[in-house]
Amino acid sequence: MAKVGTIALIGFGEAGMAFAGAWPADTKAYDIKTDDPALAVAKRADYARAGISGADTLAEALDGAELVVSLVTADQALAAAETAAKLIAPGALYCDLNSVAPQTKQEAARLIEAAGASYADVAVMAPVHPAGLAVPMLVSGADACPALAALGFSPRRIDGPVGRASTIKMLRSVMVKGIEALTAECFLAARRAGVADEVAASLDASWPGADWAARADYNLGRMRAHGFRRAAEMEEVAATLEGLGQSSDMARATAQVQRRIGAAANQASEAA
């Protein structure tokens, strides 16, 4: 098994915390939330619970790092790579685990490789909870499999350049996130009409074993908690489809639904 040197982690949200057991004690993490005094205390508490060191700046996190893992939101992935490219050590390995279009990763790779580092396109293919380190991962571009395996992951190498792994992830999301949006539209209306049990029973009869009522609750919960992040991912999915010369109507509609449900959940939380 490969030996992993000093690690820098960019972003420490749901995925970073789910993978916390993988990071050695000397891992340095930087999250943009620590730039906001209103959010910094809570984020530093997250670092402490995970047993890793928090950096006050990205430069501090990347200083001497041999492995850099980027786990930010989709809309910040390219910006993170652009800033990291100015700071990363030549010869370092940059693992981009963000859910973005292949074109986005290719641009990020150009920036990182111009700085003398290597770039791996890593696609996380399932929710990080409850899978944790067992979550399936695909890798294209630089071969990051040995480094990720040393951290306890089980990545699978996909032949091809940067962007191939992410293409698979993005096209999968058309279906997965689209079903979430359809579930929300169907069951929120069914509950308002007072016919949710009947609708679920009819769907269960068509798809035996699916348990649509439970699926609706799960999907709605995920969208309420992560709607904004999922909307950003679906914008990247739309870019993927358009880059392939395909319509992105469903992907863009899914982004709108995800964003709307995430916003409604935030408003309800603030009003409580």
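The values are calculated or read from the model by the stated rules, or taken from the named source; none is laboratory data. The structure presented is a predicted model; accordingly, all values stated were derived computationally and were not measured. Positions of Cβ are backbone-derived with ideal geometry, glycine not excepted, and every protein chain shown enters the neighbour counts.
Taken together, Ala265, Ala239, Ala271 contain a single residue that is free of Cβ contacts under 8 Å to residues at least 60 places away in the same chain and surrounded by 14 or more Cβ atoms within 10 Å (Cβ to Cβ), which is Ala265.
For region 206-222, indicate whether the set of residues that are of a type in the set (A, V, I, L, M, F, W, C), under 22 Å from the mean Cα position of the chain (by Cα) and under 29 Å from Thr167 (Cα atoms) is non-empty. Yes: one or more hits. Checked against (1) farther than 20 Å from Met234 by Cβ; (2) at pLDDT below 95; (3) in the same structural domain as Val257 (by TED's automatic domain parsing); (4) part of a helix (DSSP H, G or I), Ala210 meets all criteria but (4). Residues in region 190-207 include none that are part of a helix (DSSP H, G or I), closer than 20 Å to Gly262 by Cβ and not charged (D, E, K, R).
Taken together, Ala101, Ala108 contain a single residue that is of a type in the set (A, V, I, L, M), more than 14 Å from the chain's Cα centre (by Cα), crowded, with 17+ Cβ neighbours inside 10 Å and in the same structural domain as Leu78 (by TED's automatic domain parsing), which is Ala108. Exactly one residue out of Ala61, Ala40, Ala29, Ala80 is farther than 22 Å from Gly160 by Cβ, without any contact (Cβ under 8 Å) to a residue 40 or more places away in the chain and buried (at least 21 other Cβ atoms within 10 Å of the Cβ), and it is Ala29.
Consider Leu138 carefully, then state whether it is of a type outside the set (Ser, Thr, Tyr), free of Cβ contacts under 8 Å to residues at least 60 places away in the same chain and surrounded by 14 or more Cβ atoms within 10 Å (Cβ to Cβ). So Leu138 fits the description; yes.
Taking the listed residues Phe153, Phe187, the one that is surrounded by 13 or more Cβ atoms within 10 Å (Cβ to Cβ) and in the same structural domain as Gly227 (by TED's automatic domain parsing) is Phe187, with no other qualifying. If you go through region 40-97 and keep only what is of a type in the set (S, T, N, Q) and assigned to a strand (DSSP E or B), you end up with Ser53, Ser70. Every listed requirement among (1) in contact with a Cys (Cβ under 7 Å, 6 or more places away or on another chain); (2) modelled with pLDDT under 95 is met by Val122 save one, (2).
When Ala181, Ala165 are screened for being over 16 Å from the mean Cα position of the chain (by Cα) and buried (at least 16 other Cβ atoms within 10 Å of the Cβ), only Ala181 passes. Scanning region 1-22 for residues that are farther than 19 Å from Ile88 by Cα and either among the aliphatic types (A, V, I, L, M) or outside any helix (DSSP H, G or I) (or both) turns up Met1, Ala2, Lys3, Gly13, Ala15, Met17, Ala18, Phe19, Ala20, Ala22. Taking the stated definitions as given, is Asp75 without any contact (Cβ under 8 Å) to a residue 24 or more places away in the chain and under 15 Å from the mean Cα position of the chain (by Cα)? So Asp75 fails the test.
Before we move on, is Ala232 crowded, with 16+ Cβ neighbours inside 10 Å, at pLDDT below 95 and either assigned by TED's automatic domain parsing to the domain that holds Gln76 or within 24 Å of Gln103 (Cα to Cα) (or both)? Yes.
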